[in-house]
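S.K.: Here's a structure for you.
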Amino acid sequence: MTAPLADLLARRIAVAGPIGLDVFMAECLGHPEHGYYVTRDPLGAAGDFVTAPEISQMFGELVGLWLVDRWQAQGAPAPFHLVELGPGRGTLMADALRAARLVPAFAAAATLHLVEASPVLRRRQAETLAGHQPRWHDSLDTVPAGPLFVVANEFFDALPIRQFQRTEAGWVERLVTWDDGFRLILGPGPASLVPEAVRAAPVGAIAEVCPAGLTLAAELGRRIRADGGAALVIDYGPAESAPGDSFQAVRGHQPVDPFAAPGQADLTAHVDFAALARAAAGTGVGVSGPVRQGAFLQALGIDQRCAHLGAASPDRAADLAADRDRLTAPDAMGTLFKVLALHPSGDQPPGFPP
Ligand code: SAH
């Protein structure tokens, strides 16, 4: 079997030298012909991983009600931009818009914008969200100015990271080279990117930085501060910046070597929520959280919603409760997954303790 992306990357390294992990990750996920997201729908039981909205409709419904609540709290601006970053199959947004029918003026005032790199998933989103006339974007940059209400679930974890390692001589970058296979070597700095909070870690420690994530968090903050709105970022990762190597690959629901088959596995890293919060707060926007996903969903009423759905279809009650537990239990998604909100400063969004 030929491995076109591996060959391309190996030739590039042979000619131009080792590449940053961010470049490796971006090519594996987004190469226009051979990238992981470009060539498939990775979600679901037959795919490589399952996300919260694919587990239960309750997830998107509660996110939708949160967005409606924030929109009303700001005086129901009309028109406004309803934005999802990395919408996958469109399931979260479809569930959110169904729940939002409680307040018909919300969808009436919304223009739907989907930031999606994958042509395969764009087709899928067009089916799921037919009737809502979505507009697609390669990045947030082309979403027009104006009030924006944003959700991003398992999006930031897919943004390329750089890794640094503390050596006797200070922090240096870990780079990807190739000799009979891809492997990491130590290159030069710049150490200035290593977050303050982990700079004192011992020799051998690894630090991760996600430049694209920090840039995006700051851009969301700038826009919300200028035009109003709110953003909900949901993903897996620690609440506090900490050293550690979280670069990981998943294929067929199993962890695999991220360097073994470029373009064939989903590559992600833990989201450094403290770093995102700092980047956003620097723009003057209000920041709430991160809180644990379990606590957030419970505060928004997932138990009541689960009981209500179960009462309406008693034969599904046990499955609904199991799905609810998967989203909220500490040993499932309840603790590793965090929720961060950006909003006008002074706002008190539901789901976040004051
Ligand atoms: N939010 C969805 C899907 C999560 S998977 C869910 O919860 O089910 C990550 C999503 O982000 C996919 O839709 C993927 O195609 C998209 N994506 C990943 N990297 C991207 C990038 N750099 N630009 C735009 N979309 C990206």
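S.K.: Want the number for R122 to D227: 0.36 nm per residue separation, take away the alpha-carbon distance, what's left?
M.R.: Here the segment from R122 to D227 would lengthen by 35.1 nm.
S.K.: For S345 and D69, calculate 0.36 nm times their separation in residues minus their Cα-Cα distance, and state this gained length in nm to one decimal.
M.R.: This chain segment gains 97.7 nm when fully extended.
S.K.: Could I ask something else about it? Could you tally the net charge around P18, taking each other residue with its Cβ under 14 Å from the Cβ of P18, Lys/Arg +1 and Asp/Glu -1?
M.R.: Neighbour charge sum, excluding P18 itself: +1.
S.K.: A follow-up question, please. If r is the Cβ-Cβ distance from A145 to L336 and R0 is 35 Å, what FRET efficiency results, to the nearest 0.05?
M.R.: Efficiency, from the Cβ-Cβ distance: 0.50.
S.K.: I'd like the distance separating the alpha-carbon centroids of region 2-23 and region 172-249, in whole Å.
M.R.: Here the two parts' Cα centres lie 21 Å apart.
S.K.: Could I ask something else about it? Cut-off is 10 Å between beta-carbons; in what order do R326, R162 appear when sorted fewest neighbours first?
M.R.: R326, R162
S.K.: Rounded to the nearest Å, what's the spacing between the alpha carbon centres of region 305-350 and region 262-281? Just the number, please.
M.R.: If we compute the Cα centre of each part, the gap is 22 Å.
S.K.: Give me the extension gain from D257 to A46: residue separation times 0.36 nm, minus the current Cα-Cα distance, reported in nm with one decimal.
M.R.: Stretched out fully, the D257 to A46 stretch lengthens by 74.0 nm.
S.K.: Separate question: Which FRET efficiency value, to the nearest 0.05, do you get for R326 and T39 by plugging their Cβ-Cβ distance into 1/(1 + (r/R0)^6) with R0 = 30 Å?
M.R.: E(calc), rounded to 0.05, equals 0.60.
S.K.: Let me ask something else about it. Can you give the calculated 222 nm mean residue ellipticity of the chain, where each DSSP H run of n ≥ 4 adds -39,500 (n - 2.57) and the sum is split over every residue, rounded to the nearest 500 deg cm²/dmol?
M.R.: So the helix-based figure for the chain works out to -10500 deg cm²/dmol.
S.K.: Can you work out the FRET efficiency for the pair R135 and E168, with r the C-beta to C-beta distance and R0 = 51 Å, to the nearest 0.05?
M.R.: Calculated transfer efficiency: 0.45.
S.K.: I've got another one for you. Hey, can you rank 212-219, 70-77, 14-21 by average C-beta count inside 10 Å, highest first?
M.R.: 212-219, 70-77, 14-21
S.K.: Normalising by the residue count of the chain, find the relative contact order in percent from Cα pairs under 8 Å and 6+ residues apart.
M.R.: Rounded, it is 19 percent for the chain.
S.K.: Next up: Can you pull the one-decimal nm distance between simple spin-label points at Q248 and A3, each 7 Å off the Cα toward Cβ?
M.R.: For the pair Q248/A3, the computed spacing is 2.2 nm.
Readers should treat all values here as calculations from the given coordinates under stated rules, not as data from a laboratory. The structure displayed is predicted, hence computed values, not measured ones. Glycine gets a Cβ as well: all are built from the backbone with ideal geometry, and neighbour counts include every protein chain shown.
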